Amino acid sequence: MAINLKGRSFLTLMDFSPEEIRYLLDLAHDLKSKKRAGVPGDTLKGKNIVLLFEKTSTRTRCAFETACLDEGGHVTFLDSGSSQFGKKESVEDSAKVLGRFFDGIEYRGYSQKLVEDLASYAGVPVWNGLTDVDHPTQILADLMTIEEHIAKPLNQVKVVFCGDIRNNMSYAWMYGCAKMGMHYVAYGPAELARELDQDIMARVREVARETGATIEVRNDPDCLDGADVLYTDVWASMGEEAQIPEKVKLLSPYKVTMEMVEATGNPDVIFMHCLPAFHDFETTMAQSQKELGYDIREVTDQVFRSRHSVVFDEAENRMHSIKAVIVATIGR
């Protein structure tokens, strides 16, 4: 079956069929091979995109900019201090204006509804660079990375997400695993399991029934057995310092350690993280919290730097997977 994603927005993997996600992954692998071989691209020649950032980022901005430039496109970057978006101009009006200037719009911020509103008004593809409940370009990069490191099909892969199972990465992983028929375990405190969005859980489990995926929420370490992937994310982001004492107490039992790696019983298990990560005390935030008596590391440095860790392959693959999304939706 021919796949054509031209003109489509990329807001969540839940909007795409398994076949369409497979197409994007194959395209990402192909584009990565071409870049490695030094083959120049021109699929975005004459195309202009704009990046709207309400939340700062290293990987997302660099990945979108490099991906577009690699294929001959042009990028404009706007953060919250350099535009009237959402302040003196409504989301609807901004979307209609930007849609006349640009061939595609990326949004990274807080509200999923906002990125959906952008897509409904812009008239051009809109790409979700991160919201409070989703991070689809990250999951695409993660699936790509799994395929590079695990010698079995995605529908035989077990992913265990450790820690704050209510955050956007945990939900995004549920969407990706449900769509691709994978085994997903949200491994975290029972208190957080009770706070999961039940509407999202119902939708995910409905998709899982169609694809053969397994979606579990567990708080016992037995769920680690047979894991192919251990995944985690930071416990507290910038601006959430007030929550750190509570989160450290709640989530420390779910820190990814070598003992956890060994508990999988899989000598080839891989460790993944969307980054940035607190794995040592070489950052201002980790050091300042340590001085206050709080160890905010969600993974030990031993695991982060071990042979199991593929975090920098993941980071690189953000660029290739994002390039695939842009090319598939607005490319020539």
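The values are calculated or read from the model by the stated rules, or taken from the named source; none is laboratory data. Note that the coordinates shown come from a computational prediction; the quantities given were computed from them, not determined experimentally. Note: ideal-geometry Cβ built from the backbone for every residue, glycine included; neighbour counts use all protein chains shown. The area values use the complete protein model at the heavy-atom level, side chains included, leaving out ligands, DNA and RNA. Shrake-Rupley method; radii C 1.70, N 1.55, O 1.52, S 1.80 Å.
Can you give the convex hull volume per residue for the Cα atoms of segment 158-301, as a whole number of Å³? Don't skip to the answer; put the middle values down first.
Working: hull volume 15.1 nm³, N = 144.
Each residue corresponds to 105 Å³ of Cα convex hull volume.
I'd like the per residue volume of the convex hull spanned by the Cα atoms of segment 124-212, given in cubic angstrom.
On the way: hull volume 10.0 nm³, N = 89.
Enclosed volume per residue, from the Cα hull, is 112 Å³.
Treating the angle as unsigned and between 0 and 90°, give the value, to the nearest 10°, between the Cα long axis of helix 136-149 and the longest Cα principal axis of the chain.
Long axis of 136-149 versus the principal axis of the chain: about 60 degrees.
Need one number: nm distance between label points at ASP197 and GLU282, each 7 Å from Cα along Cα→Cβ, rounded to one decimal.
Reported label-point gap for ASP197 and GLU282 is 3.6 nm.
What is the ratio of the Cα radius of gyration of segment 232-332 to 2.2 N^0.38 Å, with N the residue count, to two decimals? Mind showing how you got there, number by number?
On the way: Rg = 16.4 Å, N = 101, 2.2 N^0.38 = 12.7 Å.
The value comes to 1.29.
Sorted by packing (mean other beta-carbon atoms within 10 Å per residue), highest first, where do 170-180, 47-57 land? Write out the running numbers ahead of the final one.
Values: 170-180: 26.8, 47-57: 19.5.
Ranking the peptides 170-180, 47-57 by packing returns 170-180, 47-57.
With everything on Cα atoms, drop me the angle between helix 59-70 and the longest principal axis of the chain, reported from 0 to 90° to the nearest 10.
40 degrees
May I ask for the angle, rounded to the nearest 10°, between helix 112-122 and the longest principal axis of the chain, with both axes built from Cα atoms and the value confined to 0 to 90°?
10 degrees
Measuring from label point to label point, each 7 Å out along Cα→Cβ, what is the GLU216 to THR76 span in nm?
It works out to 5.0 nm between the two label points.
Calculate what fraction, in whole %, of the accessible area of segment 21-174 sits on carbon and sulfur atoms when a 1.4 Å probe is rolled over the protein chains.
Values: 3080 of 6320 Å².
Carbon and sulfur: 49 percent of the exposed surface of segment 21-174.
Cα extents of segment 88-237 along the three principal axes, largest first, in whole Å?
Cα spread of segment 88-237 along its principal axes, largest to smallest: 53, 35, 29 Å.
Among CYS274, THR284, ILE330, which residue has its Cα furthest toward the positive end of the charge dipole of segment 274-332, with +1 on Lys/Arg Cβ and -1 on Asp/Glu Cβ?
Of the options given, the answer is ILE330.
Return an integer: the convex hull volume of the alpha-carbon atoms of segment 68-147, in Å³ per residue. Please list the in-between numbers first.
On the way: hull volume 8.9 nm³, N = 80.
Residue-normalised Cα hull volume stands at 111 Å³.
Using +1 on the beta carbon of Lys and Arg, -1 on that of Asp and Glu, and nothing else charged, what's the dipole of segment 211-332 about the Cα centre, debye to 20? Can you show the working numbers first?
Details: 11 positive and 21 negative charges, 100 e Å.
Result for segment 211-332 is approximately 480 debye, rounded to the nearest 20.
Given H placed 1.01 Å from N in the peptide plane, which residues other than close sequence neighbours of ASP79 have an amide H under 5 Å from its amide H?
It is PHE53, by chain and number.
How about segment 118-210: which GluC sites (Glu not before Pro) there are in a DSSP loop, with at most 11 other Cβ atoms within 10 Å of their Cβ? Walk me through the numbers before you get to the answer.
On the way: sites: GLU147, GLU148, GLU191, GLU195, GLU206, GLU210; in loops: GLU195.
Answer in residue order: GLU195.
Would you mind listing how long segment 2-103 runs along its three principal axes, going by Cα atoms, in whole Å with the largest first?
For segment 2-103, the Cα spread along each principal axis is 44, 31, 25 Å.
To one decimal place, what orientation-averaged projected area in nm² is obtained for the convex hull of the Cα set of the chain?
On the way: hull surface 67.9 nm².
That works out to 17.0 nm².
Determine the dipole magnitude for segment 159-257: charges of +1 sit on the beta-carbon of Lys and Arg, -1 on that of Asp and Glu, nothing else is charged, the reference point is the Cα centre, and the result goes in debye to the nearest 20. Provide the component values of the computation, followed by the final result.
Working: 10 positive and 16 negative charges, 22 e Å.
I would put it at about 100 debye.
Counting Lys +1, Arg +1, Asp -1, Glu -1, what net charge surrounds VAL115 among other residues with beta carbon under 11 Å of its beta carbon? Numbers along the way, then the final one.
Details: positive: ARG108, LYS113; negative: GLU54, GLU106, GLU116, ASP117, ASP132, ASP134.
Spelling it out: positives minus negatives among the neighbours equals -4.
Taking only the alpha-carbon atoms of segment 194-274, what semi-axes of the equivalent ellipsoid follow from 5 times the gyration tensor eigenvalues under a square root, in whole Å, largest first?
Details: eigenvalues 114, 91, 26 Å².
Semi-axis lengths for segment 194-274 are 24, 21, 11 Å.
Using just the helices of the chain, give the 222 nm mean residue ellipticity in deg cm²/dmol: DSSP H runs with n ≥ 4 each add -39,500 (n - 2.57), and the total is spread over all residues, rounded to 500. Display every interim value, and only then the final one.
Numbers: 13 runs with 143 residues, N = 332.
After summing the helix terms and dividing by residue count, I get -13000 deg cm²/dmol.
Of the residues ARG22, ARG307, ARG36, which exhibits the maximal mean-square fluctuation in a Gaussian network model of the chain defined by a 10 Å Cα contact cut-off?
Taking springs between Cα atoms under 10 Å, the residue moving most is ARG36.
Which net charge results when you count Lys and Arg as +1 and Asp and Glu as -1 among the other residues whose beta-carbon is under 12 Å from that of LEU11? Walk me through the numbers before you get to the answer.
Numbers: positive: ARG8, LYS113; negative: ASP15, GLU106, GLU116, ASP117, ASP134.
Result for the neighbourhood of LEU11: -3.
How far, in nm, would the chain grow between ARG36 and LEU69 when pulled straight, counting 0.36 nm per residue and subtracting the alpha carbon separation? If you can, show how the numbers build up before the last one.
Values: separation 33, 0.36 × 33 = 11.88 nm, distance 1.54 nm.
The span from ARG36 to LEU69 would gain 10.3 nm if fully extended.
Roughly how many nanometres apart are two label points built 7 Å out from the Cα toward the Cβ at ASN48 and CYS62?
In this crude spin-label approximation the distance works out to 2.7 nm.
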